[in-house]
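Okay, structure first, notes after.
Just so it is clear, none of the values below were taken in a lab; they were calculated from the coordinates. Quick caveat: nothing in here was measured; it's all calculated off a predicted structure. Note that each Cβ is placed from the backbone with ideal geometry, even for glycine, and that neighbours are counted across all protein chains shown.
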Amino acid sequence: MINTLADRIRGFASLFWREVAKFGAVGGVAFVIDNGLTYYLMHGPMSDSPSKARFVGALLATIFSWVANRFWTFRHRRQDNVLREFVMFAIINGIGIGISTGFTFIANYWLHITEKNLLFAAGVFGILVATVVRFFAYRFLVFNQELDEEPEFSHDHELIELHPKARPEAGQASDPESLKRP
């Protein structure tokens, strides 16, 4: 029993951290897109509106993020209904953009900070908060299909079930009544 529980915990952790690593890589590139574009816009074409600059940077980073997460990070968990998946992704990212833009907005309009670098830093802090929210929302709400087709993940749902379903041994019938008979 202890080995089985330890194996389940190890398997779950391994599965979880692989996704976290890929999500982190995608997030790192999206972070560069978001902040690079935001910094450019704040110090150039949108210097009069740092919140709008943050919004544009976040929007373009979000588009990149959806494509990369769909086709790499969570490729085995994609939903069959692409429209539903995209709408859920967009809603969650809207919340994330709201968080990162909100930190810039609060710093600028409520705290009356006008220094561009401090406003930029407020947005970066907002991105960090939004990233945690996004990962769990993507993992459990957007890209949440079971990995049963993939052999190495065929039992991932059993890793968190308290009482996994009994599977018939080779040569036994899979009829539930036959499992009850001695």
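When a/c is below 1.5 the answer is rounded, else prolate if a/b is larger than b/c, else oblate, so apply that to segment 43-115 with a ≥ b ≥ c taken from the square roots of the Cα gyration tensor eigenvalues.
Note, shape of segment 43-115 comes out prolate.
Under the 0.36 nm per residue contour assumption, what length would be gained going from the current alpha-carbon distance of LEU83 and HIS43 to full extension?
Length gained between LEU83 and HIS43: 10.8 nm.
Simple spin-label model, 7 Å along Cα-to-Cβ: LYS52 to VAL20 in nm?
If labels sit at LYS52 and VAL20, their model points lie 4.0 nm apart.
How much length would be gained if the chain were fully extended between PHE64 and PHE140, taking 0.36 nm per residue of separation minus their Cα-Cα distance, in nm to one decimal?
25.3 nm
Name the residues of segment 47-61 whose amide N is less than 17 Å from a point 7 angstrom out from the Cα of TYR109 along the C-beta direction?
Under 17 Å, as judged by backbone N against the label point of TYR109, lie 47-56 of segment 47-61.
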